[in-house]
Amino acid sequence: MRLDNRGTATRAIPTTCAYASPDSTSARLWQRAQHVLPGGNTRTTVFMAPRPIYAADGEGCWLTDVDGERRLDLLNNYTSLIHGHAHPAVTEAATRRLARGVSFALPTPEEIDLAALLAERVPSVEQVRFTNSGSEAVMVAIKAARAFTGRHRIAKFEGAYHGSYDWAEVSLGSSPGEWGPLEAPVSLPYSKGTPPSVLEEVVVLPFNHARLAAARIEREAHGLAAVILDPVPNRVGLMPARAEFLNAMREVTAAHGILLIFDEVISFRVGYRGAQGVFDVRPDLTTFGKIIGGGFPVGAVGGGADVMAVFDPRGGKPAVPHGGTFNANPVTMAAGLAAMRLMDEGAYARLDEMGETLRGGFRACLERAGVPGAITGVGSLFRIHPTERAFVDYRSAVADDAEKKRLDRLHRALLDHGVLISPTGLGCLSTVVTEAEVEYFLEIVNHCVRAG
Ligand SMILES: Cc1ncc(COP(=O)(O)O)c(C=O)c1O
């Protein structure tokens, strides 16, 4: 499938909207789901109006829904499947481990191997603690920072997502009428019922503004245990952090004995040593998730042995007792090891190149069609924006109602023509995507933006 030199498709565009029919299998499943799940849903992120599409199978970079329609999967379970679906090496490692028992009240060798892989690759990590999700990893990292520093407040960046955890959710969805001055963003609840004490314990900072963020950290330094920072924050707009901003955050936290936590739950997919390797900044703690579990539930926190000693149970109750029935379960560890061992430096370089091709091709589609929009991202990650504004921080990336409607239309059109990305415009590549699939994506984008 190719575009001619005017950007017109030379092959028929598929139509994949069986799910929209009230007689579809997706519609029937959703009817059932609404009786036993609130709103038919158990993961807010996957709700889609008027109803979700139910998945049946995945193979490589293709996903088939329960009505038998195939789509190019450029979401990869929200960036967690670095090798797409059912990669033979990952499947084999998981099933081999599965057949020998799935979880024990004893540690297994696999957890040592995966911890060693992370410690070998990431210079700031000497030791690792596993959890079952990225949210838990963030929770545990914050507890570690509190125990290590003896302080209890944390700072986070406006708009940044760090999972479902009260402290980490503060000011996740701030809107213009309430967010306050840029130099001192207001701490706002995301969930109803957030205790006011949580808001008092979280200082909100402006992303990518080195001077303003450093000044606020200095003002609040005496009570701060940690500053948590995602260097490529999706909900902030998926624009990379500026180098001077990251360096300033490293310097100001070190100067005041505050731990710098990098949340690399998503961004670990941008480089062999994660985003911290790409940006050459060394945090005190790092949270991991998504790709390190090979598609199974996972999270981890890693850091220097001095900080990680808060979890050390030798000699009695540790400073931070940390349990978890399924922590480091051997199936996740085996699948994660298989997935991560395939990710050598060449695999990242190839993903970077494909990511550049996709982002460049997307910009060209918009330009040819004369349609406003933008695409941000690093390496294998991309995010589509329904606006042409220059993005610096959360505030500049927030879409207005008209822009949101434009993005909704594009998302729906992509779904209906064979491509899965998130409703917010997030997408990513997996190692099994080839030039042919990038071309397929661009041809469908071309069709959808022209059709409006
Ligand atoms: C940056 C970041 N941190 C933490 C999380 C939470 O991870 P999980 O969904 O595994 O709890 C996410 C999830 O998308 C994330 O993007």
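Candidates Leu426, Leu381: the one that is crowded, with 23+ Cβ neighbours inside 10 Å, farther than 20 Å from Tyr19 by Cβ, in contact (Cβ under 8 Å) with a residue 24 or more places away in the chain and under 16 Å from the mean Cα position of the chain (by Cα) is Leu381.
For Trp179, the test of being in contact with an Asp or Glu (Cβ under 8 Å, 6 or more places away or on another chain), more than 11 Å from the ligand (Cβ to nearest atom), aromatic (Phe, Trp, Tyr) and without any contact (Cβ under 8 Å) to a residue 40 or more places away in the chain is failed.
The residue that is farthest from the ligand (Cβ to nearest atom), counting only those in segment 259-283 that are within 11 Å of the chain's Cα centre (by Cα) and outside any helix (DSSP H, G or I), is Glu264. Looking at Gly163, Gly237, Gly173, Gly159, just one residue is within 29 Å of Cys428 (Cβ to Cβ), touching a Gly at 6+ places or on another chain (Cβ under 6 Å) and not acidic (Asp, Glu), and that residue is Gly163.
Determine if segment 150-162 includes at least one residue that is away from the ligand (no atom under 13 Å from the Cβ), touching a His at 6+ places or on another chain (Cβ under 8 Å) and touching a residue at least 40 places away in the same chain (Cβ under 8 Å). Yes, the conditions are met somewhere in segment 150-162. No other residue among Ala141, Ala145 is within 16 Å of the ligand (Cβ to nearest atom), crowded, with 24+ Cβ neighbours inside 10 Å, aliphatic (A, V, I, L, M) and under 20 Å from Val298 (Cβ atoms) apart from Ala141. For segment 199-220, a residue qualifies if it is in a helix (DSSP H, G or I) and touching a Lys or Arg at 6+ places or on another chain (Cβ under 9 Å), and the qualifying residues are Glu200, Ala210, Glu220. Selection of first residues in segment 204-228 that are crowded, with 24+ Cβ neighbours inside 10 Å and of second residues that are aromatic (Phe, Trp, Tyr), restricted to Cβ pairs under 6 Å at least 6 apart or on distinct chains, gives the following pairs, ordered by first then second residue: Leu205/Phe157; Phe207/Phe157; Phe207/Tyr394.
When segment 182-199 is limited to residues that are of a type in the set (Val, Ile, Thr) and farther than 25 Å from Phe288 by Cα, the one that is farthest from the ligand (Cβ to nearest atom) turns out to be Val186.
Any read-out appearing in this document is the output of simple, stated calculations on the displayed coordinates, not a laboratory observation. Remember, it's a predicted structure, so these values are computed and weren't measured experimentally. For neighbour counting, all protein chains shown are included, and Cβ atoms are generated from backbone atoms with ideal geometry for every residue, glycine included.
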